[in-house]
Amino acid sequence: MGAGFIVASKSLVSVVRTVEKLQYRADIDGLRAVAVLGVLLFHSGLGIPGGFVGVDIFFVISGFLITSLILQAQHQNQFSMRVFLGRRIRRLMPAALVMTTTTLVLGYWLLIPDDYDKLAESAIAQMTLVSNFYFANSFNYFAGPAELVPLLHTWSLAVEEQFYLLFPLLLIVCRKWTRRKLFIILAILTISSFVLNILAMDHYSTEAFFLLPTRAWELLLGALLVFAPKLKTERRYLPEAGSMISIAVIAAVFFLYDKETRFPGIAAIWPCLATAGLIYFNAPYHWPTTIARWLRRPTLTYIGKISYSLYLWHWPIMVYLRYTNRMELETSTAFLGLALSFLAAGASYHFVENPFRLRRLIPSQKKLIRISSLFTLLIIGTGATISESDGLPARWNDRITRILQTADFKGQPMSKSIWNPQMDQLPAIGNHLPSSERPRILLWGDSHANAIGNVCHRLASRYGISGYIAARGNTIPTTNTYRIHDRDNTLIWNQGVMDFIERHKITHVIMAARWSDNIEGNTSGHIKYLVTDDQASEINQLSARQVLQRNLTNTLQQLTDLGIKVWIMEQVPMQQYNPVFEVVSAIAKDRTIPRGVAQDTHIQRQFHVRSILRSIDLPGVTVFDPSPNIFTKDGFAKFIQEDTLLYVDHDHLSSAGAQLFIEPLLEPVFRSIATGE
């Protein structure tokens, strides 16, 4: 990407004329090494819990270098958007194409159809420079763990690429502006993006993480460095102290931040400011600081030079290692992943990146663009083919193909809008011609409610009952209760459901949810899954249990006061490993199909939520447990029966599983509703 440092004076032109010639900055390559090593150690689980901020360090560096290069070219009257984008393509595209192609090929052999389908979709998104939008819209309740998404890391590349498309246009428009005007407009944009980032964290935290408008301030912060005044050379203590403080902040963030840190938000400002400090205080016009000398060490600068390839390759390698080791990444496997990442990065840098960047391969820019475009279209076409065929299930043997066809989940559509209940747009189930005499039922919950939606629809139709389904992913069916990152939306949704129940004179309610995650956190222990309310003073497991006890009781009291009968379904056993992958892998390798989660493990995880559910003593409220049907006599959950999958993922039953396990439990309920018992 090049490097340099430009100092602002009274106008943009005079600024550039007084700038020392751009020169290579080894310290920035060393800083890149710090960033990428943080990311690698974080993703491998090797003791750097806040290493994910390495991406933010990259953003600040990129903003600084790109702005420096553009302004230098403008000063020389040599800037061309076509040339600029051509250099970006030559620098970034070849290695990305090779990595994506390799990831798709390996996925053909390793991934089950649903995961391969998602990989194909993300490959298309990457090739069209919108993978950050794709992932911002993909991480819902049904999305698999992030650790199993091979191209997830390309979201940050998409952010930079979108910045590269838009930011040069701004500098073109402003090329004749004075220093004051240009600095003000960039500062306003930086502050606006930062404020938007903070505001979005409360209600749109996923979008705040992935999208350019809430991340642009980090790149723009680097751009503002170009206009920073020089330090006086006689004040050597300032660069030394500033560098020490900056590197200390980055080190602190690496070890003090973790997956629970609300990020980006305000937390992102510290690593970004520290990165800006290291760039500023180690400008090449004064004596090198101790930190600069350390960053310029050959080992670090080499890692910095291969950092793009290292970032490209490390994540799919780690994902596939997890995938083939049942989501586990033990220390020895993590070190293997690091070794493979460095080998792949070295090969990519020396045999792909450098030959293309130095024009030893395909020196003609037009030819490079044509060939890159062709390969891009091939990847898009391949991805579309894979996606249209639902992940190419036919690549397995006949038995596996037949089994995979049973891994379907044909629930009623989950509501996309939080306003659907208020707008009377909940999906109908059962008899679609309701009358005032006919009982009216509502199935209320999260995706676990959606998983039994078809069962309820069949039973309601059989017994002449009309009803609706109110299912929203990641949302517990309890008023005044929410997860901190989704407060307003959850409150609006659940209150809307309560209003819908009263307005439509619902007579019976069935609740189903992934209850335990709301009070225990998910299996990785993240507290962001814990529920809270406006009365709680902190968020932890004990508080979440109290919140659920308090608000579920209040919700049920409201329903019973309306004369409504309520059935609460306890949680379906959550599997330790993906049942579809376990079954496919076992059959493909001619091994015995492993057993599911142990009943003792399930009971232990459900202990607190069962205590809450079974402590409710209200007339007309019944709690029932589906798990005894799911466990075998020897105490393990069933994955498969007669070549029919009973789960579609870790915790959602397939259509066959819901029919086998849940329908027998609910049929007496619907019969009693129909007969008025």
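Only the coordinates and a few stated rules stand behind these numbers; no lab work does. This structure is a prediction, so every number in the text was calculated from the model and none was measured. Glycine gets a Cβ as well: all are built from the backbone with ideal geometry, and neighbour counts include every protein chain shown.
Using the Karplus relation 6.51 cos²θ - 1.76 cosθ + 1.60 with θ = phi - 60°, the per-residue 3J(HN,Hα) values for the stretch 642-655 come to 6, 6, 10, 6, 9, 10, 9, 7, 4, 9, 10, 5, 6, 4 Hz, with x marking Gly and Pro. For the chain, the share of DSSP beta bridges that are antiparallel, to the nearest 5, is 35%. Centre-to-centre, using Cα atoms only, the stretch 230-304 and the stretch 420-497 are separated by 52 Å. Counting other Cβ atoms within 10 Å, keep those with at most 14, restrict to DSSP loop, and tell me which chymotrypsin sites (Phe, Trp or Tyr not before Pro) in the stretch 366-429 are left. Passing sites in the stretch 366-429 are TRP419. Loop-resident GluC sites (Glu not before Pro) (DSSP state other than H, G, I, E or B) in the stretch 170-271 with no more than 14 further Cβ atoms inside 10 Å of their Cβ: GLU234, GLU260.
Neighbour counting of Cβ atoms within 10 Å sorts the residues ILE61, ILE587, fewest neighbours leading, into ILE587, ILE61. Volume per residue for the stretch 12-391 equals 138 cubic angstrom (convex hull of Cα atoms).
Return the FRET efficiency for the residue pair LEU343, ALA146: r is the Cβ-Cβ distance, R0 is 22 Å, and the value is rounded to the nearest 0.05. That pair, LEU343 with ALA146, gives E of 0.35. Placing pseudo-labels 7 Å out from each Cα toward the beta carbon at ALA187 and LEU378 gives an inter-label distance of 5.1 nm. Subtracting the Cα-Cα distance of LEU165 and ASN629 from their residue separation scaled by 0.36 nm leaves 161.4 nm. Annotation: the residues LYS366, LYS528, sorted from fewest to most other C-beta atoms within 10 Å of their own C-beta, follow the order LYS366, LYS528. Taking amide H as placed 1.01 Å from N in the peptide plane, ASN522 has its amide H under 5 Å from the amide H of TYR529, each at least 5 places away in sequence or on another chain. Dividing the Cα radius of gyration of the chain by its Kirkwood radius returns 1.02 for Rg/Rh.
Using the Cβ-Cβ distance between LEU256 and ILE492 with R0 set to 41 Å, the FRET efficiency from 1/(1 + (r/R0)^6) comes to roughly 0.75. Across the stretch 377-382, computed HN-Hα scalar couplings (Karplus, 6.51 cos²θ - 1.76 cosθ + 1.60, θ = phi - 60°) run 5, 5, 5, 4, x, 5 Hz from first to last residue, x flagging Gly and Pro.
The stretch 304-360: which trypsin sites (Lys or Arg not before Pro) are DSSP loop and have at most 11 other beta-carbon atoms within 10 angstrom? Of the trypsin sites (Lys or Arg not before Pro), the ones in loops of the stretch 304-360 whose Cβ has at most 11 other Cβ atoms within 10 Å are ARG360. For a straight C-alpha distance cut-off of 30 angstrom, the lysines reachable from LYS416 (same-chain residues fewer than eight places away being disregarded) are LYS118, LYS259, LYS505, LYS528, LYS565.
Compute the FRET efficiency between TYR302 and ASP643 as 1/(1 + (r/R0)^6), taking r as their Cβ-Cβ distance and R0 = 45 Å, and round to the nearest 0.05. Working from the Cβ atoms, E equals 0.25.
Here the extension length gained between SER611 and TYR237 equals 128.4 nm, from 0.36 nm per residue of separation less the Cα-Cα distance.
Under the simplified labelling scheme, the VAL83-ASN554 pair shows an inter-label distance of 6.6 nm, with each label point 7 Å from Cα along Cα→Cβ.
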